[in-house]
Amino acid sequence: MPVQDLEKIFQEKIDQEIKIEPRDWMPEAYRKTNIRQISQHAHSEVVGMLPEGNWISRAPSLKRKAILLAKVQDEGGHGLYLYSAAETLGMSRDEMISDLLSGKAKYSSIFNYPALTWADMGAVGWLVDGAAILNQVMLCRTSYGPYARAMVRICKEESFHQRQGFEALLVLSRGTDAQKAMCQESINRWWWPSLMMFGPKDSESTNSDQSMKWKIKRKTNDELRQQFVDMIAEQIKVLGMRLPDDQLKWNEERKHYDFGEINWDEFWNVVKGNGPCNKQRLDARKKAHDDGAWVRAAALAYAAKKINTKNEKAA
Ligand code: FAQ
């Protein structure tokens, strides 16, 4: 069948909300866009374990430690479902990881900021997971079947993450003056980087138009960012804290909050590898990969041994 006809059938399926599955014909650019987005999403989950992992041993109570351990473990699991979803498109996990470690593949800018205080564990849960979940709820309806299905499970866990972050901040916001100050200071540092998670403005977003046509994305970067601002601007009232933006104001006409301009130079600087922790994060991933070499070798040897034993029994 000519490629034009295949493309027409493909787009009709998308328009009719039929999921694209691994064995279906798809344009090469659709495959590549999905591999790019899903693998970068997986990398974000795995690199995202680092700022929080750093606080497991310093959590203020056994309860907080158990919660944080479970959350970080969930993030590792999310990375694994996502690598598996990306593998169905024909790229091996080894290649994806090698692209991450060489700096070729991106991961979310947010994880290049340091987690300096205990309040950051609350702020990461509330703001970072809060931003991630808005984006991921949309992705539960993405057109590529394995990605959409991975997202359903991830979202269930992510909504718990966000609530635990909010609750941790709520406790601090009702605590001593020092705890309140720590809570506010953390929100001040995480607010703007959280807004950057949604990506560049629509007018600067190179992938959005095509990804919207293919229903990989269902909402644009700016739409999701606005939804996030509207949600957080209300939730912060419960905390009795403030967002570090003098221009944040309800706009009755638009029925949305107006907010100040994001520092896009900072965003691109972080995306290009020059954020406060880019080097530290990649070094940590490289070390973990090298330290884990013996585990991969042992798993392969064990799998080979099992196959041999099975063959011997069958013979
Ligand atoms: N950081 O044309 P667009 C989480 C890049 S998961 C770095 O608008 P697109 C869980 C973009 O890749 C968080 N790079 O791109 C958790 C592109 O470059 P490329 C991650 C960014 O793909 C919580 C270029 O800029 N979530 O947090 C960023 O249409 C707590 C132009 O941008 C996902 O990955 C950025 N923020 O839209 C874990 C969700 N933004 O690749 C631990 C899936 C943009 O052409 C603790 N991804 N770039 O070289 C998406 O929805 C999309 O990829 C967007 C970007 C919305 C992120």
Calculated [θ] (222 nm, deg cm²/dmol) that DSSP helices of n ≥ 4 give over the chain, each run adding -39,500 (n - 2.57) | -21500 deg cm²/dmol
Extreme residue, positive dipole direction of the range 50-154, given options Ser102, Gly90, Thr117 (C-beta unit charges) = Thr117
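Work out the length of the dipole vector of the range 191-315 about its Cα centre, built from +1 on the beta-carbon of each Lys and Arg and -1 on the beta-carbon of each Asp and Glu, and round it to the nearest 20 debye. Intermediate values should be presented prior to the final figure.
Details: 23 positive and 19 negative charges, 247 e Å.
Once rounded to the nearest 20, the dipole reads 1180 debye.
Give me Glu12, Glu75 sorted ascending by neighbouring Cβ count inside 10 Å, so fewest comes first. Write down the numbers at each step before the final one.
Numbers: Glu12 10, Glu75 24.
Starting with the residue having the fewest Cβ neighbours, the order is Glu12, Glu75.
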Geometric extent, Cα atoms of the range 1-145 - Rg, Dmax (angstrom) | 18.3, 64
Pseudo-spin-label distance Ala284 to Ala314, built 7 Å along Cα→Cβ, given in nm, is 4.4
Quick shape check on the range 147-285: root eigenvalues a ≥ b ≥ c of the Cα gyration tensor, a/c under 1.5 is rounded, otherwise prolate if a/b tops b/c, else oblate, and it reads rounded
Residue exposure sequence - Arg174, Arg23, Arg281, Arg218 - by fewest surrounding Cβ within 10 Å | Arg23, Arg174, Arg218, Arg281
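Using the Cα centre of the chain as the reference point, and only Cβ charges (+1 on K/R, -1 on D/E), how large is the resulting charge dipole? Debye, rounded to the nearest 20. Don't jump to the answer; show the numbers that get you there.
Details: 46 positive and 42 negative charges, 242 e Å.
Roughly 1160 debye, rounded to the nearest 20.
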Cβ-based charge dipole, the chain, positive-most Cα from Ala42, Thr176, Met241 = Ala42
Would you please give the residues with an amide H less than 5 Å from that of Tyr257, counting only those at least 5 places away or on a separate chain, with H modeled from the backbone geometry?
-> Asp230, Asn251
Please find the FRET efficiency linking Asp258 to Glu167, where r is the Cβ-Cβ separation and R0 is fixed at 41 Å, and quote it to the nearest 0.05.
-> 0.90
Within the range 119-273: Cβ-based charge dipole about Cα centre, in debye rounded to nearest 20 (Lys, Arg +1; Asp, Glu -1) = 760
The simple spin-label model distance between Thr206 and Glu7, using points 7 Å out along Cα→Cβ, in nm, is 2.0
Whole-number D in µm² s⁻¹ for the chain, Kirkwood Cα-pair radius fed into Stokes-Einstein, 37 °C, 0.692 mPa s = 155
Sort Met231, Met197 so that the residue with the fewest other Cβ atoms within 10 Å of its own Cβ comes first and the one with the most comes last.
-> Met231, Met197
Plugging the Cβ-Cβ distance of Lys272 and Arg93 into 1/(1 + (r/R0)^6) at R0 = 30 Å yields, to the nearest 0.05, a FRET efficiency of 0.75
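In a shell of Cβ-Cβ distance under 12 Å around Leu134, excluding Leu134 itself, what net charge do Lys and Arg (+1) and Asp and Glu (-1) give? If you can, show how the numbers build up before the last one.
Details: positive: Arg218, Lys219, Arg225; negative: Asp129, Glu158, Glu223, Asp230.
Charge balance near Leu134 sits at -1.
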Compute the distance in nm between two label points, each set 7 Å from the Cα along the Cα-to-Cβ direction, one at Gln73 and one at Lys306.
-> 2.1
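Bear in mind these aren't lab numbers, they're just calculated from the coordinates by the rules spelled out. Only a predicted model underlies this, so the values are computations on that prediction, with no experimental measurement involved. As a convention, Cβ positions derive from the backbone with ideal geometry for all residues, glycine included, and neighbour counts pool all protein chains shown.
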